Every structure is written in structure tokens, then in C-alpha cells.
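Below: one structure, written as C-alpha cells.
The values are calculated or read from the model by the stated rules, or taken from the named source; none is laboratory data. All figures in this text were calculated on a predicted structure; none of them were measured in a lab. For neighbour counting, all protein chains shown are included, and Cβ atoms are generated from backbone atoms with ideal geometry for every residue, glycine included. Just the protein is used for accessible areas: all its heavy atoms, side chains included, with ligands, DNA and RNA removed. Shrake-Rupley method; radii C 1.70, N 1.55, O 1.52, S 1.80 Å.
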Amino acid sequence: MIERPPRPQRAESREVVELKQIKAAQPELASAVDMQLALVEMQRRVQSRVPLPWISAEDAWLREQQTAGRALIRFGDIPLEWTDFRLTLRQTADILRRFDALEAADHAAIITLARDGNALEPIVSQWYNATSGVGGQRPDGPAGLEQVLVLALRPFLARSVEVLMQRVDLAGWAHAHCPFCAWEPEFAVILPSGDRQLICGRCSALWPFAAFTCPFCANAERSRVTSFTTRDGRYRVYGCDACHRYLKAYDARNAARPVLLAVDTIATLPLDAAAMQRGYA
């Protein structure tokens with residue numbers, strides 16, 4: 001019998017390599033890195049199975065939405081295959097629970113919800129419509145449900161963003177919320193040109209925004225925005241002295257790689273503590 005050669009191992013993604021380097025250099029972040037690695041690998045597997053959707057919206061409607069500052073992705077534009085999404089929701093909840101990022105009671109309730117397809121679909125639809133500007137109230141549910149929904153929906157939403165990125169010009173978008181799903185920014189990147197882009201905390205899309213305007217309260221007084229950096233200059237924090245919220249950013253002006261949301265949010269965890277010590281939330 002001829003033995004088959006072993007299947008070559010799949011090359012690790014840039015995100016995985018960078019996360020492992022953070023874990024080696026900063027052992028105190030090991031647990032956070034391990035959770036992120038589990039989420040990244042799970043989302044990567046899911047997204048590879050999700051097809052690019054056919055989004056039938058006409059160009060005139062997309063322009064109208066942009067002009068009005070409304071989200072471009074409707075719930076029906078997200079390529080959700082419900083069996084796959086229920087599995088993704090359960091796996092996301094399991095990962096968060098394994099690393100104590102989700103309470104046991106919330107985890108149990110979310111797993112029960114994920115198994116009941118008839119209950120899950122209207123809840124996800126209602127939540128997305130309520131949080132993307134369509135209207136309505138957020139649905140009732142376990143305290144940790146929104147965090148799990150954000151992470152579980154990301155690989156599906158990202159496919160819709162891929163399609164619409166080819167059709168829209170975001171140069172004129174001046175709003176602080178995501179042009180695609182209307183979620184808040186989670187992070188930012190300073191481009192080599194010095195311009196700043198915000199990064200959505202739900203679909204990971206990027207869009208341009210004024211460098212020293214607070215995306216949470218629109219404060220544009222530069223004297224009321226406190227900015228400080230890490231020693232190596234790789235990361236920056238913008239703290240707003242009007243609303244007392246803050247946003248972290250990756251400075252790509254002298255960087256060897258592009259921003260990697262899954263990596264940079266973990267690498268900057270010590271900056272969260274520094275920002276909070278200064279009174280930002």
C-alpha cells in the first residue's frame with residue numbers, strides 16, 4: 001500500500017502570527033490573546049463558507065442613503081444561512097464563556113436561544129434593525145447577548161461590506177457611525193498621509209473621519225481632545241474632554257504592516273487602563 005504524503009499545514013494568517021508574538025512578548029495578555037485566537041480562527045472558518053451576496057439596491061438608493069447618513073446594508077442584504085449562523089452563535093458564546101468573558105447564566109440562555117430557530121431569527125432581525133437606524137427597540141435578552149451577536153454576525157456582515165465597497169465612494173461620508181451597518185467605531189487608523197479612518201466594531205469596515213473630532217459627541221475643539229501615544233509611537237489614544245470617552249488608534253505612518261483590528265485591539269489593552277486612569281470611559 002502506498003502511503004499518502006501528509007497534508008501540508010495551512011499557513012497561519014498574519015493575525016495569528018502577530019497575536020502569538022504578543023503572547024510571547026506580553027505574557028500578562030496570554031488569556032486575552034488565546035480568546036482572540038479562538039475567535040479569529042472560528043470567524044475565518046465561517047467567513048470562508050459564506051458566499052458573496054447579491055445586493056439588489058440601485059445606485060440611486062445607495063446615494064440617497066449616504067446623503068441621509070443611513071446604513072447601506074439592510075438586514076435582508078446579509079447572507080445569513082440560519083443553520084450556519086446558529087452554530088456560529090453557539091461557538092462564539094462557548095469561546096467567551098471559556099475565557100470568563102460571559103456569565104454562565106447568560107451563556108446558558110444564549111445557547112438555548114441558538115437552538116430555537118423560530119425564536120432566534122426575529123430577535124436577530126429586530127436587533128439589527130434597531131441598531132442600524134431602521135427603527136424599533138432592541139429586543140429583550142440575556143445581558144451578554146449583544147456582545148455575542150456582534151461577534152457572530154461579523155463574518156456574514158463582512159461579506160456584504162465586500163460587495164458594497166466596490167459600489168460606493170465614502171469620501172463624502174462625514175458621520176461618526178459606520179456607513180454600512182451604523183455601528184460605533186471600535187478603533188481607528190492613522191494613514192501615512194496623516195488622515196484618520198475609523199473602524200467599525202461590528203462589520204470591521206473603515207471610513208474617513210476628521211483627525212481630531214470626537215466620534216462619540218462630535219466635539220471638534222482640538223484643545224478639548226487629549227492625545228497620547230505608546231513609547232514606540234505605534235498606538236495613540238484620543239480622549240475627549242467633553243464626553244470623556246476615548247478611542248484607540250494604530251499609527252500606520254511608520255509601520256511595517258497595515259492595521260489589524262483583531263491584533264491591535266489586544267495589543268492596546270494596557271492603553272485601556274491608562275485611559276481609564278485619566279478619567280476616560
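Residue count for region 272-281 satisfying the condition of being surrounded by fewer than 19 Cβ atoms within 10 Å (Cβ to Cβ) and part of a helix (DSSP H, G or I): 5. Restricting to region 86-121, name every residue that is modelled with pLDDT under 95 and not in a helix (DSSP H, G or I). Listed by number, the list holds a single entry, ASP116. Considering region 133-169, the residues that are among the small types (Gly, Ala, Ser) and over 23 Å from LEU62 (Cβ atoms) include one that is surrounded by the fewest Cβ atoms within 10 Å (Cβ to Cβ), namely ALA143.
Test ALA38 against the criterion of being at pLDDT 95 or above and closer than 14 Å to LEU269 by Cα, and give yes or no. So ALA38 does not fit the description; no.
Of the set (1) open to solvent by 40 Å² or more (accessible area, probe 1.4 Å); (2) within 24 Å of ASN129 (Cβ to Cβ), all apply to SER193 but (2). Among the residues of region 133-154, those identified as assigned to a helix (DSSP H, G or I) and not aliphatic (A, V, I, L, M) are GLU146, GLN147, ARG154. Evaluate the following for ARG202: is it in a loop (DSSP other than H, G, I, E, B) and among the basic types (Lys, Arg)? Yes; evaluated as a whole, the condition is true for this residue. Of all residue pairs spaced 6 or more apart or on separate chains, those with beta-carbon atoms under 7 Å, a first member in region 13-37 that is outside any helix (DSSP H, G or I) and a second member that is of a type outside the set (Ser, Thr, Tyr) are SER13/ARG44. Condition test on ASP59, is it farther than 24 Å from ILE95 by Cβ, loosely packed, with under 14 Cβ neighbours inside 10 Å and in contact (Cβ under 8 Å) with a residue 40 or more places away in the chain? Yes; evaluated as a whole, the condition is true for this residue.
Within region 82-111, restricting attention to residues that are closer than 17 Å to ILE123 by Cβ and of a type in the set (S, T, N, Q), the residue that is most open to solvent (accessible area, probe 1.4 Å) is THR83.
For region 243-256, the condition holds for no residue, the condition being that it is more than 26 Å from SER132 (Cβ to Cβ), in a helix (DSSP H, G or I) and open to solvent by 40 Å² or more (accessible area, probe 1.4 Å). Pairing each residue of region 119-145 that is at negative phi with any residue that is open to solvent by 60 Å² or more (accessible area, probe 1.4 Å) and hydroxyl-bearing (Ser, Thr, Tyr), provided the two are 6+ apart or on different chains, yields C-beta distances under 9 Å for ALA119/THR112.
The rows are residues; the columns are (1) touching a residue at least 60 places away in the same chain (Cβ under 8 Å); (2) small (Gly, Ala, Ser); (3) touching a strand residue (DSSP E or B) at 6+ places or on another chain (Cβ under 8 Å).
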| position | (1), (2), (3) |
| --- | --- |
| ARG222 | no, no, no |
| THR229 | no, no, yes |
| ASP232 | no, no, no |
| TYR246 | no, no, yes |
| ALA256 | no, yes, no |
| ALA273 | no, yes, no |
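Within region 203-223, not a single residue is crowded, with 19+ Cβ neighbours inside 10 Å and touching an Asp or Glu at 6+ places or on another chain (Cβ under 7 Å). Report whether or not SER125 is part of a helix (DSSP H, G or I) and of a type in the set (Ser, Thr, Tyr). It is true that SER125 is part of a helix (DSSP H, G or I) and of a type in the set (Ser, Thr, Tyr).
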